[in-house]
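Engineer: Can you read through this structure? Questions will come right after.
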Amino acid sequence: MTNIYNCIFKLLNKYRKYILIIIDTFIVVISYLSPHIISGIHPTKIKWFVDTWYIYTIVYIATFILMGVYKNMWRYAGIEDIFKCLQASVVANSMFFVFTRMLNIYVRYYVYIVAFVVTSFCTMAIRIVYRAILIIGDKNTNRLSHYTNIMIVGAGQATVAILNEIERNNPSNYLVKCIVDDDKTKIGRNMNSVTVVSSTDKIPIMVKKYDIEEIILSIPSLDKENKKRILDICANSKCKLKILPEVYSLLTNGNNIMDKIREVQVEDLLGRGTINLDCSLTKSYIQGKIVLVTGGGGSIGSELCRQISIYSPKKLIVLDIYENNAYEIQQELLRTYGNDLDIEVEIASVRDKNKINKIFESKNIDIVFHAAAHKHVPLMEKNPEEAIKNNVIGTYNVVQAAHDCKVDKFVLISTDKAVNPTSIMGATKRITEMIIQSYNKRSETDYVAVRFGNVLGSNGSVIPLFKEQIKVGGPITVTHEEITRYFMTIPESVQLVLRASSMAEGGEIFVLDMGEPVKIKDLAYNLIKLSGLEPEVDIKIEYTGLRPGEKLYEELLITSNDNQIKTDMEKIFIEKPIEFDENELFELIKELEQAAYNTDKYRIILLIEKLVPTYKRTLNAECNKNTECA
């Protein structure tokens, strides 16, 4: 039987246009004959038929050809294609009516009516049958030894698109067994012959009942809270989960909806909506300005470049020491904007004071976004001198150059690890905050810092590490069972930077309300479950202990929540400045620079303790003398 289907399918596919023309010709002739037969066989009626049938057939087939009916791909036909066929029938019969009346060819009115009804119905019906045969041929041609049983969550328009695409093109051999939806009016009804069986709270029961292997969440517009609730239910089903992204990405990335279904990402499980800030002021702030982004090839820096480019800067300067990253973001933006964006790449280190000064003196820069920094906590604990050279001295060089060249605004990318730091990296970022607050008092340039937490998907973040560990079969390594972190997406963090810079008056440290902190252990468990695996059974969790300089939890404010100022933006507030001796700050920075270039780790730590009173070094802090570091 399969061979018969395949043969029919190949013939229909090869000669589809000619076969349909032959079939339509036969239908037209029979349809035109039918009113004559219905009214009774009579020599006069047969003469009417013989005199006019070929006219009706020629007009009908010619109209179908001219209106492009035979150009349609009936394997993918929908309501619009069927309607087009009906339109062609109406036009063909109208033309036949006008043609016969103009030439005074006698045709009874009931012949027009009956012929039109029969022809229209039969031509549409044969296309539906033709489409069904092609689909059966597709299924038999592409049939594999095993189907993947699928459950779809959501009985909306997106699910209709998925079901249609699976019916037309199914390389993964999906077999949709059931649909679940919380709309009770839909339960028990069918979508493309698939039944809506229950609400989402019964997903585990339906998984067992229908032997489901994979679940697709097909509600693109679902809010974050309900998405997390449904994904938590699905995570306990041991099924592999996939998700249909937001509607806008479906509209801008081609037509095959199955290509848009992605793996569930951790940001889907954060339990809060994505923070979208009003950036209407950002355009007027950036448009027509010369903007420099240091560390422009990194995770945050490259996203800054992308979003800045949207607002039509006069020139965008990407500064980075790593040429590959800088080249990649340059080429990406050139592909996107072409000649509409003036982009320039400078390969330089922020440590190189002379090179930095020359860039500022020659470029007439208006705005600086300073994202260049060493950020890996354990590596900087091992190499504190490099953290000082890059984070402190490098920032100092750029800050001084911005002051000397009268840059309008300087925006420092900071971190929550600067708050009551226990790491060298966090302490160096706190020192940079102090530098920009000091310079804001003595310079025409407005200096501002923006402080946020961990960035999902950035280079070196924990999520890509967990995914790689799952891919190789585990174990997943978590430093401590109780460790928590605040999380943001890269676009969120960059929106904050741009919005804060546009509203800054100088001297502020802006902080974003990032919701509740998330346990790293919970992220690891959810990632394992969403991969269709079971924690501690398929993938082990290993607790390795806190790394050098690492905290159990991060803070956003140096003191209490009372030490904050609200802004007009709901999600942004400002930390009140903390007083410190500015003269001592810059004297100690000079000593820090000397200690760093002498690789005097012990001296570095002692100087940091003087500079940052809230710094609490850990037992693992590096020293180069036989002195306790505790």
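The values are calculated or read from the model by the stated rules, or taken from the named source; none is laboratory data. Keep in mind that this is a model prediction, so the values were computed, not measured. Positions of Cβ are generated from backbone atoms using ideal geometry, with glycine treated the same way; all protein chains shown enter the neighbour counts. Please note that ligands, DNA and RNA were not included when accessible areas were found on the heavy atoms of the full protein model with its side chains. Shrake-Rupley method; radii C 1.70, N 1.55, O 1.52, S 1.80 Å.
Engineer: Working with all protein chains in place, sort Met380, Met95, Met124 by solvent-accessible area computed with a 1.4 Å probe, largest first.
Structural biologist: My answer, sorted largest first, is Met95, Met124, Met380.
Engineer: Measuring from centroid to centroid over Cα atoms, what is the spacing of the stretch 326-383 and the stretch 591-612 in Å?
Structural biologist: 27
Engineer: Just to check I understand the Karplus step: with θ = phi - 60° and J = 6.51 cos²θ - 1.76 cosθ + 1.60, what whole-Hz values come out for the stretch 207-216, glycine and proline as x?
Structural biologist: Values, residue by residue: 4, 5, 4, 9, 6, 6, 10, 9, 10, 10 Hz.
Engineer: Also: Once ligands and nucleic acids are excluded and a 1.4 Å probe is used, how much of Lys576 is accessible, expressed in Å² to the nearest 10?
Structural biologist: Solvent-accessible area, nearest 10 Å²: 80 Å².
Engineer: Hey, rough spin-label estimate for Met67 and Lys84, points 7 angstrom out along Cα→Cβ, what's it come to in nanometres?
Structural biologist: Between Met67 and Lys84, the label points sit 1.1 nm apart.
Engineer: Accessible surface of His374 in the full protein assembly, 1.4 angstrom probe, to the nearest 10 Å²?
Structural biologist: Probe radius 1.4 Å; accessible area of His374 about 60 Å².
Engineer: While we're looking at this one, here's another question. Let me cross-check Leu533: its accessible surface, 1.4 Å probe, with only protein heavy atoms counted, in Å² to the nearest 10?
Structural biologist: 50
Engineer: Now for a separate question. Sort 603-613, 384-394 by the packing proxy (mean of other Cβ within 10 Å over each peptide's residues), most packed first.
Structural biologist: Descending packing order for the listed peptides: 384-394, 603-613.
Engineer: Consider just the alpha-carbon atoms of the stretch 326-455 and return their Rg together with their Dmax, both in angstrom.
Structural biologist: 15.5, 47
Engineer: Calculate the spin-label point distance for Glu214 paired with Asn357, positioning each point 7 Å from the Cα along the beta-carbon direction, and give it in nanometres.
Structural biologist: 6.1
Engineer: Let me ask something additional. How much net charge surrounds Asp538 when only other residues with a Cβ under 13 Å from its Cβ are counted (Lys, Arg +1; Asp, Glu -1)?
Structural biologist: +3
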